[in-house]
1. For segment 42-63 and segment 172-240, write down the distance between their C-alpha centroids in whole Å.
2. Cβ neighbours within 10 Å, averaged per peptide: list 162-175, 63-76 in order, most packed at the top.
3. If we count other beta carbons within 10 Å of each Cβ, what is the order of 182, 235, fewest first?
4. For segment 32-97, just the Cα atoms, rotate onto the principal axes and tell me the three extents in Å, largest first.
5. Could you line up 278, 185, 106 from fewest to most neighbouring Cβ atoms inside 10 Å?
6. Could you give the angle, 0 to 90 degrees to the nearest 10, between helix 2-18's Cα long axis and the longest principal axis of the Cα atoms of the chain?
7. Defining a contact as two alpha carbons under 8 Å apart and six or more residues distant in sequence, what relative contact order in percent does the chain show?
8. Please compute the length gained on full extension between residue 174 and residue 274, using 0.36 nm multiplied by the number of residues separating them and subtracting their Cα-Cα distance.
């Protein structure tokens, strides 16, 4: 009964997601990278399963029994008193069904409260929170399905907003377990309460598909993610842009993004170098992020992200570096452990 309900919901929400035309979205923090491994691999690392329970927050169909009693804690390191992170936990219900719970948060720190003339009259705080629960079922050795339910709360000074969303996913593993294919719909839901008495804003619904493949005789795992499949054109053209002229006085029209530009913005390319069971090195390139954040004439490494992971006897430690532009980057650290390992050692 559970597998049938999840399949029906997956098909239903997929139809809703593809009907969305884009525009301004509520709760954009839903699509942030909250753990170091996902951050190092370009936000949406959704097509590989191991014992990392943090990945199940991105793709609930990756939950499985080996994540039983595993807990993960992630923290981003920002300047200016801003920080965000995640706490997640996985638990096996039986050999086929596994559940999880997580809390994601963004804290913007203390800010000055001022009058219209700029006089400081106090301080206020702001923050965003996502409380989620997930469940997955292994239908057979090759196919698993899963769902997350997320309750969303945002507070900006005395203004609050509340919403709810679901993530629905299905994952296929080939016989060799070296190739994985995932279909995922994230953030399908509603803004139930707005900050003010205005019209509700749609959530950033994001249908995705991804494929990963681990080479048989080389320590490389390659992945490619196609995201934002409900919106073809992810480009932005400045409505105030005007044609220019060259040295010969010839008019140069405002550039118009072509087919190749629009297509490229949907893809994230990811690679993990597997250094045995102890160490992994990660690198990703997100073309959409590069185009959105690069500094004009100084593109630098915008859109790239990298990181490293270490597996120790009782815990794993991951680090991720997300490069937004030459003017800014983000560091993430994740600590994950299976509590049963500590019990056996006592």
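Every number in this text was worked out from the coordinates using simple rules, so none of it is lab data. Quick caveat, the model's predicted, so the values are computed rather than measured. Cβ placement follows ideal geometry from the backbone for every residue including glycine, while neighbour counts extend to all protein chains displayed.
1. 12
2. 63-76, 162-175
3. Details: 182 26, 235 14.
The order, fewest Cβ neighbours first, is 235, 182.
4. The principal-axis extents, from largest down, are 46, 21, 13 Å.
5. Arranged by neighbour count, lowest to highest, 278, 185, 106 become 278, 106, 185.
6. So the helix axis and the longest Cα principal axis differ by about 10 degrees.
7. Numbers: 887 pairs, mean separation 62.1, N = 346.
The normalised contact order for the chain reaches 18 percent.
8. On the way: separation 100, 0.36 × 100 = 36.00 nm, distance 1.97 nm.
The span from residue 174 to residue 274 would gain 34.0 nm if fully extended.
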